[in-house]
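> There's a structure below that I have some questions on.
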Amino acid sequence: MLVQNSLSEVLRAREELFSRTNWNDPTSQLQNRVKGEDLARYFVLSDSERVGIQNTIRLLVSTTPYYLSLSDPSDPNCPIRRMIVPTKEEAIFSLEESADPLEEERLSPVRGLTHMYPNRVLLFSNHSCSVYCRHCMRGRKVSSNEERMEKSDLESAFDYIRNHPEIEDVVVSGGDPLNLADLRIEWILKELNQIPHVKICRLGTRNPVTLPFRITDAICQIIEKYNDDNLSIFCNTQFNHPKECTKETKEAILKLLKVGVSVGNQAVLLKGINDDEETMLTLHKKLLEMRVRAYYLYDPELIPGSRGFRTPLARGIEIVEYMRGKIGGMGIPQFVNDLPGGGGKITIGANWYLGFYPKTRQHVFRSAVTKKIHFSFEPIGSNKESYYPKISDEEWEKWKPR
Ligand SMILES: *Cc1c(COP(=O)(O)O)cnc(C)c1O
Ligand code: SF4
């Protein structure tokens, strides 16, 4: 049975946890993580959360005290809380869901490596994370001991990369690569740095958000050492809500930037957490203030127990449409759908382009700023006229310049 604590008991438990944690020390944060049913001590739980914690079919439940401190102890709709605490939707395996909708396993020539695009691969470096996000897309691997990557597995993956000169870009993900020990990370970066055709390494890590103290001087020095003429190291992180943008996260990001690592954000569109225009705009404004550029906005995948997070496809399109014109382009993510069945990622954007009217050779656009119709001409002598969707006479009558 889960404990059922009152708000004052919850607040006291939080205070006790926070004072016992050596706050800026990542090891202490990890040692004091709140796991599984212990979560009940730090929240006044709703019935749905009680079911979720006990019956989740997804990954382990765990949070750092730091990330817990951003959450609301009494409001089940708190966005941070929704990313930490399972709800009853997480206990349901829906018909349309599958453990590996992107067929990453089918596209895996060696253990822990997915080779879907010709010139880039996804390397699964480890299976652990600082916080287990309820919306995690890698639920089948993350937090599962069976998925442990041994050193020999990584060696085979490096051999594969070495033997495939077309691979230029290695996305290191997991789990979270920054949950590996410094020495292991150093070894991975060194190996990649020594493969002549690998030019780019991307670290996919949520630690800047969930455990910013993990971005220590020591790990920054290691990264800097291998971020050189042979290899360009990038970091892609995952902020999903403005509440995650704290002074601690900003310090972590600035440290990465100082060692020449460009930081991008890959948000996930999550129902009830960030699926509205203003939240997403504010998030990306705050990210730019931290010098984090927008990269992707993911539509959640059809993994088991994901139904509580999924929004209509239109939501993502509407949100990026709304952002256009209200924030610099480097703050607008591309809305991405990773196609089920191993089709890779595609982007879906707002339709600003309405079509081509051959009689006047004009293109018709919708403006994000004026909200009106605007026109431009196709160059004389163009051989691309058949490329454009045609505008009918009727539509032209409606839109034509007056
Ligand atoms: C997302 C992904 C990549 C990287 O894709 P980009 O669009 O270059 O960011 C590479 N491999 C796999 C299997 C992926 O899922
Ligand atoms: S940090 Fe990333 S891999 Fe780990 S649980 Fe969260 S989303 Fe999944």
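> Of the residues A13, A294, A99, which exhibits the maximal mean-square fluctuation in a Gaussian network model of the chain defined by a 10 Å Cα contact cut-off?
The residue that fluctuates most here is A13.
> Follow-up question, since we're still on this one. Check each of the GluC sites (Glu not before Pro) in the stretch 166-212 and keep only those in coil by DSSP with at most 12 other C-beta atoms within 10 angstrom; list them in order. The partial results should precede the final answer.
On the way: sites: E166, E168, E186, E191; in loops: E166, E168.
Hits after loop and neighbour filter: E166.
> If you don't mind, another one. Which percent, nearest 5, of DSSP beta bridges in the chain are antiparallel?
Numbers: 19 of 47 bridges.
Looking only at bridges with both residues in the chain, the antiparallel portion is about 40 percent.
> For the stretch 7-91, with the dipole built from +1 on Lys and Arg beta-carbon atoms and -1 on Asp and Glu ones, taken about the Cα centre, which of S71, A91, S28 lies farthest toward the positive end?
S28
> Net charge within 9 Å of W352 by Cβ-Cβ distance, Lys/Arg positive one each and Asp/Glu negative one each, not counting W352 itself? Spell out each step's value before the answer.
Details: positive: R324, R366; negative: E321.
Charge balance in the 9 Å sphere: +1.
> For R202, what residues show an amide H to amide H distance below 5 Å, using hydrogens built from the backbone and excluding near sequence neighbours?
Long-range HN contacts for R202: V170, V171, V172, F234.
> Given I303, C201, F335, which one lies farthest toward the positive end of the charge dipole of the chain, if we put +1 on the Cβ of every Lys and Arg and -1 on the Cβ of every Asp and Glu?
In the chain, that residue is F335.
> Follow-up. With a ≥ b ≥ c taken as the square roots of the eigenvalues of the C-alpha gyration tensor of the stretch 289-362, please select rounded if a/c is under 1.5 and otherwise prolate if a/b is larger than b/c or oblate if it is not?
On the way: a/c = 2.33, a/b = 1.40, b/c = 1.67.
Because a/c hits 1.5 or more and a/b fails to exceed b/c, the stretch 289-362 counts as oblate.
> In whole Hz, with x marking every Gly and Pro, tabulate ³J(HN,Hα) for the stretch 106-114 from phi via Karplus 6.51 cos²θ - 1.76 cosθ + 1.60, θ = phi - 60°.
After applying 6.51 cos²θ - 1.76 cosθ + 1.60, I find 4, 8, 10, x, 10, 3, x, 9, 10 Hz.
> What is the set of long-range amide H partners of G355 at a cut-off below 5 Å, with H atoms built 1.01 Å from backbone N?
Those lying under 5 Å, H to H, from G355 are V364.
> Dipole size in debye (nearest 20) for the chain around its Cα centre, Lys and Arg Cβ +1, Asp and Glu Cβ -1?
Values: 54 positive and 54 negative charges, 214 e Å.
The calculated dipole for the chain is roughly 1020 debye.
> Please state the shape class of the stretch 79-229: rounded when a/c is under 1.5, otherwise prolate if a/b exceeds b/c and oblate if not, all from the C-alpha gyration tensor.
Verdict is oblate for the stretch 79-229.
> For each of S173, S28, S8, count neighbouring Cβ atoms within 10 Å of the residue's Cβ, then give the residues from fewest to most. Kindly include the intermediate steps, with their values, before the conclusion.
Details: S173 21, S28 15, S8 9.
Ranking S173, S28, S8 by Cβ neighbours within 10 Å, fewest first, gives S8, S28, S173.
> Springs between alpha-carbon pairs under 10 angstrom, Gaussian network model over the chain: which of A368, A91, A157 fluctuates most?
Result: A368 has the largest fluctuation of those listed.
> What ranking do 384-391, 178-185 get when scored by the average of other Cβ atoms within 10 Å per residue, highest first?
On the way: 384-391: 11.9, 178-185: 17.4.
So the peptides 384-391, 178-185, ranked by packing, come out 178-185, 384-391.
> Considering only Cα-Cα distances, which of the following residue pairs are longer than 21 Å: K199/K225; K225/K258; K286/K371? Show your work: numbers first, answer last.
Details: K199/K225 15 Å; K225/K258 13 Å; K286/K371 26 Å.
Pairs exceeding 21 Å: K286/K371.
Quick note: the coordinates plus some simple rules give every number you see, no bench work behind them. As the structure is a computational prediction, the values presented were derived from the model and not from experiment. So basically every Cβ, Gly included, is an ideal-geometry build from the backbone, and we count neighbours across all protein chains shown.
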